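Structure record follows, encoded as structure tokens.
Derivation of every value follows stated rules applied to the coordinates shown; laboratory data play no part. Bear in mind that the values here come from a model prediction, so they are computed numbers and not experimental data. Counting neighbours? That spans all protein chains shown, and the Cβs are built from the backbone with ideal geometry, glycine included.
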Amino acid sequence: MAAHSERAVAPGAAVQSLSDLAYAHLQAEILSGTLAPGAPLRQEEIAARLAISRLPVREALARLETDGLAVLRPRRGYIVTDLDPDEIADLCDIRALLEERAGFLATERRTGEDVAALGAILQEIDALDAAGGIGLAAFAERNLAFHERLFAPCGRPRLIRLMATLRGAVDRYARLTTAVAGSLGQAQPEHWQILAAYQAGDAAEVARLCRRHVEGTAERLVAALGRRREMATEESPS
């Protein structure tokens, strides 16, 4: 990442801008796996690497902690959050309840335009996959678009915000375990099933399928995390 000067900008704006840059850079490194779970996030080293002061780095680390990507340990400083199957289960249990309700409400209020938009997103995912395999980032972006469009008609802004927060936390696990790309063959048929019930106006079935979809995601992530830990154990010296 190129160095960024803190001069020629108002002090408050400079700190905010550099904090945003540091946050985006560290977030990308964590989500890509460049910074592995448990890796230390030392303010001095990060500041030197990004050629900025420690203040914006400190603010960026606090934001990463809020996102669940970093954790502050006493006398150790910040480290990248480790992967925890219990947390996956907890997040997905809550998300399943919320998306079940949102799916029901959205189906009751959906329009033909909503149905068509969802179908277009799923066709785009299928086309990308058929063209040689859809990458992790591309699938994550289109998957997010599908779920946001699905629930948009529910008319509950607070519910939508809560789901977005939980989805972001779960997406961290999906990216870190690289489970999304590997589970496309399972997730995409589930999307089409949800769309079929959505188009038919079967709110109860959409609710059931949304809940099952989240539960399936949790199962795939926990399984991927288990495989990751097994590989780490096999590769570690005896």
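Here r is the Cβ-Cβ distance between D202 and V71 and R0 is 45 Å; the resulting FRET efficiency, rounded to 0.05, is 0.60. Over the stretch 11-80, the alpha carbon radius of gyration divided by the compact-protein estimate 2.2 N^0.38 Å works out to 1.01.
By the beta-carbon count within 10 Å of each Cβ, the least crowded to most crowded order of V115, V214, fewest first, is V115, V214.
Once C-alpha pairs closer than 8 Å and six or more residues apart are averaged by separation and normalised to the residue number of the stretch 85-235, the relative contact order reads 44 percent.
Taking 0.36 nm per residue of sequence separation and removing the Cα-Cα distance, the T34/A131 pair yields an extension gain of 32.2 nm. Gain on full extension, evaluated as 0.36 nm per residue between D20 and A116 minus their Cα-Cα distance, stands at 30.9 nm.
Between amide H atoms placed 1.01 Å from N, distances below 5 Å from T81 occur with G38, A70, V71, all of them 5 or more places distant or on a separate chain. For the stretch 85-235, the residue among A224, L136, P153 whose Cα projects farthest onto the positive side of the dipole built from Cβ charges is P153.
Using a cut-off of 11 Å between beta-carbons, work out the net charge of the residues near L122 (Lys and Arg +1, Asp and Glu -1, L122 not included). Its environment carries a net charge of -2. Label-to-label distance for I94 and D82 is 2.1 nm, based on points extended 7 Å past Cα in the beta-carbon direction. Footprinting exposure proxy ranking of R156, R73, fewest other C-beta atoms within 10 angstrom first, gives R73, R156. Per-residue 3J(HN,Hα) values for the stretch 58-75, derived from phi via the Karplus relation 6.51 cos²θ - 1.76 cosθ + 1.60 with θ = phi - 60°, read 4, 5, 5, 5, 5, 5, 5, 5, 4, 6, x, 8, 9, 9, 8, 9, x, 6 Hz in sequence order (x marks Gly and Pro). Positive-end ranking of T165, Q188, H213 along the dipole of the stretch 85-235, with charges on Cβ about the Cα centre, is headed by T165. Going by a ≥ b ≥ c, the root eigenvalues of the Cα gyration tensor, does the stretch 74-205 fall in the rounded group (a/c under 1.5), the prolate group (a/b larger than b/c) or the oblate group? Verdict is oblate for the stretch 74-205.
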